[in-house]
Amino acid sequence: MKVNASNELKSRLAHAAENGSVIARDILAELKKNVDVTEIVRGFYNHFSTKRKRVSCDGFQKIRIVFTACNKDLSNEHFPDRNNPQAPLFPENRVDMEPSTFIRQFKNLPEYPETDMAYFASAICVDSKVTVRLLEGMQDIYEAYDGDNYSPIADDTTSTLHNSCMRYPEKARNAADFYANFAGAKILVARDESNNVLGRAIVWENVRCPGNNYGLDTVSLTDRIYSSHTFVIGMMQNEARRIGILLRRKFNDYHHTKEYVALNSLQETGIVAGQELQLALVVEVPVFRWHKKGAPYMDTFCSIAMKSGKMELRNYEGEGQIANCRTTSGNAVRMMQVCPNCNRIHNDFEKVFCPSCRTSFYTNTVFGEVIKGTAREYKGKVYPSVLFKKGRPIPPFRTYLQLEKLFIS
């Protein structure tokens, strides 16, 4: 008797293999052999199939795949249903198996590392080809963040994708606006054949590396990966490697912002793929970039700073920090005030201008301090005319206006 496997099992194995599972590929090769089942499978196991174990969660279902097979010797003369072709399907003649047990039934397969076993157990849950692409633009980022586009299933109740605080439409829109129109970032997105999102990660290019010991000037990197299934993380890292991105996060969390692993080698610096690095990183934000409002919760570049009149996103706290992006409310949290006239940083939150500019622009009267000069309307609001030149905002004021939008949710 040949190995008998259900169509769903074959489909799941084929897709898991296509999605990078070495074990699924090897099992498929065994199933295609034109030999008796006893040469492939241990004991009397045959008539393999799958079951879906479901757990309802908030907005999605956790689906875990277990394997089932007939474990009876159907040719034994004492088997009561020996001549019944439906006997292998009777519940009393079948057993359920975890993925690891199913794999070990194939006698010709080698011992696999735990990482391959975990990859298989996750990949078998998705009966679809998964495609990973690098995208850019506000709409692409918004669609990847919007929870309505997520896969309806996950391999764990703690799915980082489905539990992301940025999955709600308004917050997703603010996040897309920020990344596309403020920070100039791209996004790596994993989708199934139904176009459901299974994973996403922001991609940063031309990131500066001040004061490092690796000979690096700029790098590209993938930020934290949010996924519905753990195998998707591996697929996205492989795609990032293929398209030449240098670094990935060592820990896929929000704590370890400075620890990275090289995805590719960089000959001129001696960095090799797999090498671990610790880096302080900076993304420079051009002042001409404008966005509507808000800021997302950020796992890596959570510090917004000013240096020499330029805005920076940093993966560390330090001098010049004016805000952080570690809130789930859809906006940045102000830490220092920025003067709209000179962009100096000060800590008087009740005053907009820094002490030096206040001395120049304000005069004391019997009614208190009064700003000198006239007022000017700009985009529906009234500002001091000293902040304009030839009818346009002066560069520091443009930067100030850009910054203020970060604090609007």
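The values are calculated or read from the model by the stated rules, or taken from the named source; none is laboratory data. From a predicted model like this one, the values you see are computed outputs, not experimental measurements. As a convention, Cβ positions derive from the backbone with ideal geometry for all residues, glycine included, and neighbour counts pool all protein chains shown.
Just name the residue that is surrounded by the most Cβ atoms within 10 Å (Cβ to Cβ) out of those in the stretch 208-221 that are in contact (Cβ under 8 Å) with a residue 40 or more places away in the chain and either basic (Lys, Arg) or closer than 28 Å to Ser159 by Cβ (or both). Looking at residues that are in contact (Cβ under 8 Å) with a residue 40 or more places away in the chain and either basic (Lys, Arg) or closer than 28 Å to Ser159 by Cβ (or both), I get Leu221. Just to verify a result, which residue in the stretch 272-294, among those that are β-branched (Val, Ile, Thr) and under 20 Å from Val203 (Cα atoms), is modelled with the lowest pLDDT? So the residue we want is Val285.
Looking across the stretch 307-328, just one residue is buried (at least 22 other Cβ atoms within 10 Å of the Cβ) and modelled with pLDDT under 95, and that is Met311. The test for being surrounded by fewer than 20 Cβ atoms within 10 Å (Cβ to Cβ), more than 17 Å from Lys129 (Cα to Cα) and in contact with a strand residue (DSSP E or B) (Cβ under 9 Å, 6 or more places away or on another chain) does not hold for Cys165. Return the residues of the stretch 17-46 that are touching a residue at least 24 places away in the same chain (Cβ under 8 Å), among the hydrophobic types (A, V, I, L, M, F, W, C) and either touching a Leu at 6+ places or on another chain (Cβ under 9 Å) or within 19 Å of Arg94 (Cβ to Cβ) (or both); say none if nothing qualifies. Passing the criteria: Ile23, Ala24, Ile27, Leu31, Val37, Ile40, Val41, Phe44.
Restricting the stretch 267-308 to residues that are β-branched (Val, Ile, Thr) and touching a Phe, Trp or Tyr at 6+ places or on another chain (Cβ under 9 Å), which is farthest from Thr160 (Cα to Cα)? So that I can check it myself, show each step before the final result.
Kept after step one, since they are β-branched (Val, Ile, Thr), are these residues of the stretch 267-308: 269, 271-272, 282-283, 285, 287, 300, 304.
Next, from what is left, pick out any that are touching a Phe, Trp or Tyr at 6+ places or on another chain (Cβ under 9 Å): 269, 271, 282-283, 285, 300.
Numbers: Thr269: 35, Ile271: 31, Val282: 26, Val283: 25, Val285: 28, Thr300: 16 Å.
Only one residue fits best here, namely Thr269.
Condition first: in a strand (DSSP E or B) and aliphatic (A, V, I, L, M). Can you find one or more residues in the stretch 321-329 that meet it?
Yes; the residues of the stretch 321-329 include at least one that is in a strand (DSSP E or B) and aliphatic (A, V, I, L, M).
Answer yes or no as to whether Phe102 is within 29 Å of Leu28 (Cβ to Cβ), crowded, with 23+ Cβ neighbours inside 10 Å and touching a Pro at 6+ places or on another chain (Cβ under 9 Å).
Values: within 29 Å of Leu28 (Cβ to Cβ): yes; crowded, with 23+ Cβ neighbours inside 10 Å: yes; touching a Pro at 6+ places or on another chain (Cβ under 9 Å): no.
For Phe102, the condition - within 29 Å of Leu28 (Cβ to Cβ), crowded, with 23+ Cβ neighbours inside 10 Å and touching a Pro at 6+ places or on another chain (Cβ under 9 Å) - is not met.
For the stretch 362-397, the set of residues classified as buried (at least 17 other Cβ atoms within 10 Å of the Cβ) and in a helix (DSSP H, G or I) consists of Val386, Leu387, Pro396, Phe397, listed by residue number.
The C-beta contact set for the stretch 368-387 (first residue closer than 15 Å to Tyr400 by Cα, second residue of a type in the set (Asp, Glu), distance under 9 angstrom, 6+ apart or interchain) comprises Tyr383/Glu377.
If you check Thr359 against the conditions, is it in contact with a helix residue (DSSP H, G or I) (Cβ under 9 Å, 6 or more places away or on another chain), outside any strand (DSSP E or B) and polar (S, T, N, Q)? It is false that Thr359 is in contact with a helix residue (DSSP H, G or I) (Cβ under 9 Å, 6 or more places away or on another chain), outside any strand (DSSP E or B) and polar (S, T, N, Q). The single condition among (1) outside the structural domain of Arg398 (by TED's automatic domain parsing); (2) modelled with pLDDT under 95; (3) not aromatic (Phe, Trp, Tyr) that Leu266 does not meet is (2).
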